Amino acid sequence: MGFVEEDIERVRAATSIVEVIQGYVALRKAGRNWVGLCPFHAEKSGSFNVREETSRYKCFGCQAAGDVFTFVQEIEHIDFPASVEKLAARSNITLTYTTGGEGQDRSRRKQLLGAMESAVEWYHQRLLKSPDARSAREYLRDRGLAGDVARQFRLGYAPDEWDALSSYLTEQGFKADVLSDVGLAFTNKSNRLQDSFRARIMFPIFSDNGDAVAFGGRILPGSTDPAKYKNSAETKIYFKSKTLYGMNWAKSDVVKDDQVIVCEGYTDVIGFHRSGVPRAVATCGTSLTEEHVRMMKRFATKVVLAFDADKAGQGAAEKFYAWEEKYQVRVSVARFPDGKDPGDLASSDPQALALAIKDAVPFLRFRLDRVIAAQPQRTPEDRARLASLAMQVINEHPDVNVRKLYAGEVATIVGLPVADLARLAERRSTQPVISPPIPRASGDSDSAEFIAIALLLQTWDAIAPWLIEDLFYSEIPRRAFLNLAHAAEVEQGSLLNNALASADPEVRELLERAAVADIDIDPPSVALSLIAVGVRRTLSQRTGIVDPVEILEDRAARLELEKLDDPKTGFVTAESLLRWLGIRGTTTRG
Ligand SMILES: [Zn+2]
């Protein structure tokens, strides 16, 4: 299956790679490139480079590289056709399919997403309009979740009927196996299709791209159903450990503020939005996973936990500290007055909600304050016990200096010598922090030959007339040059893509790097210096020449070399030297 080649190029031309990637990664302008933290590996400094002009990206940390289609495939875990479809839709381009239509996986995924989207809308309309949804509407109105809020978050109502949704979707042409595959319905004992959700307020869960992938359903007050919340099971389009409720709405504010707030429930997320803090997300019935952190890191470096982090259980602290180190995020904890949750506060005191985020404290501060508040301090025995409990909490932290500073504080509180507790903090066996060295770009990155290749990609016409094969002395840049020269003769498609299509792996690697190389040098001056180097090298190799004509020509070349720097005659001289190199260079190259 596939698309007409021109369509793919049309989509490429209509798409800004920077804009697309900025939908996933915060990028800043650095010279000619846009640079950010790589979404494909954990890193502390930005190795991820995007270049608008060449429409390529490249990570110097993990070597991920490609064009806008590759990026969308990698980040969305979809195949090439799906990436073309996605980007085409973005630019309102209609694709012409070649034989076979869409791939099976693709078309299946589309059906599953289509069924979810139809269900979201159906539940939503039911909530807004149906008489049987009255108590659901009242419940939501009492909590400030009606009207515009219900519309923005597309809240819905699953009626107290056993197959209302299934019947509707079946009429719409969705097959039974599609409905069961997305968890909207199941086949019951009498072999009939039955709705999975019944008599519940529905919170649709979207991917960070805005595709509906799952539901959380809440019972109404007075229900005898023991499960307050029922969540979709994992499906082919829904992975709990990779989904954060609300990310689709929060994304832009998260990037803008470099901060993401993690709550426990759907209504907490909505509460933050209502209080003018639209950068909250929630896990969907799981605890926070490393996948979640990896995903959040694509958008922000500050993570505020807006739930009782102590409840996260044993081992949570270790996890959080490890993630802080591994993903270079800062985890802090928001404290809410009198054990209220963000959803409550949004109604009663929205300012307090915003303030709690502003005053969020580091995770260790939060833990330590809890311990100190919970322990009596009257007797020396009390205080010794407090010191010991506090040191246990402090020693979970991987940074010795952080431990010592907190230990000093505890020493002051309990009245022990600071040095004693600092020693305890020091002795904690520190685990080695896993941080693989970031491989550096290989050494030819700034060589004149590499720069010439990069400039060919940037501004072919400004440098191509001054370059010949003999100026490329290093093997891989020479092959890259020949590859590009060949690609430049192809009429269709972009220079880079044509070159990449026929490149061997080494050349490919060099081209990928050159496509994002941040070079701001006057192209002709690069050509002139390559010519000077080439002529000198060739002359030095031409010993024992006896032919009198050749001797004269070599001597002329040597004289012309001196004039190459002269701004008035430089280019005429260069042309003459290129001619000489064209003849003599090939004979002397090894
Ligand atoms: Zn990377």
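The values are calculated or read from the model by the stated rules, or taken from the named source; none is laboratory data. Owing to the predicted nature of the structure, the values given are computational and were not obtained by experimental measurement. Using ideal geometry, Cβ is built from the backbone for each residue, glycine included, and neighbour counts are taken over all protein chains shown.
Please work out which one of (1) surrounded by fewer than 16 Cβ atoms within 10 Å (Cβ to Cβ); (2) within 39 Å of the chain's Cα centre (by Cα) is the condition residue 404 fails and give its number.
(1)
Do you know which residues across the range 58-73 are of a type in the set (A, V, I, L, M) and either in the same structural domain as residue 294 (by TED's automatic domain parsing) or not in a helix (DSSP H, G or I) (or both)?
64, 65
Please work out which residue is nearest to residue 236 (Cα to Cα), limiting yourself to the range 74-100 and to residues that are in a helix (DSSP H, G or I) and acidic (Asp, Glu).
If we take residues in the range 74-100 being in a helix (DSSP H, G or I) and acidic (Asp, Glu), then 76 is nearest to residue 236 (Cα to Cα).
Give just the number: which of (1) in contact with a strand residue (DSSP E or B) (Cβ under 6 Å, 6 or more places away or on another chain); (2) within 16 Å of the ligand (Cβ to nearest atom); (3) outside any loop (DSSP other than H, G, I, E, B) does residue 18 not satisfy?
(2)
Answer with yes or no whether residue 29 is surrounded by fewer than 21 Cβ atoms within 10 Å (Cβ to Cβ), of a type in the set (Lys, Arg), more than 16 Å from the ligand (Cβ to nearest atom) and closer than 24 Å to residue 249 by Cβ.
No.
Suppose the filter is crowded, with 20+ Cβ neighbours inside 10 Å and touching a strand residue (DSSP E or B) at 6+ places or on another chain (Cβ under 8 Å); does residue 55 pass it?
For residue 55, the condition - crowded, with 20+ Cβ neighbours inside 10 Å and touching a strand residue (DSSP E or B) at 6+ places or on another chain (Cβ under 8 Å) - is met.
Residues are listed down the side, and each one gets a yes or a no for (1) β-branched (Val, Ile, Thr); (2) in contact (Cβ under 8 Å) with a residue 12 or more places away in the chain; (3) within 16 Å of the ligand (Cβ to nearest atom):
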position	(1), (2), (3)
33	no, yes, yes
37	no, yes, yes
40	no, yes, yes
44	no, yes, yes
56	no, yes, yes
61	no, yes, yes
71	no, yes, yes
77	no, no, no
94	yes, no, no
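Among (1) modelled with pLDDT of 90 or more; (2) surrounded by fewer than 18 Cβ atoms within 10 Å (Cβ to Cβ), where does residue 319 come up short?
Condition not satisfied by residue 319: (1).
Yes or no: the range 295-312 includes at least one residue that is surrounded by fewer than 16 Cβ atoms within 10 Å (Cβ to Cβ), at pLDDT below 85, assigned to a helix (DSSP H, G or I) and acidic (Asp, Glu).
So far as the range 295-312 goes, yes, one or more of its residues are surrounded by fewer than 16 Cβ atoms within 10 Å (Cβ to Cβ), at pLDDT below 85, assigned to a helix (DSSP H, G or I) and acidic (Asp, Glu).
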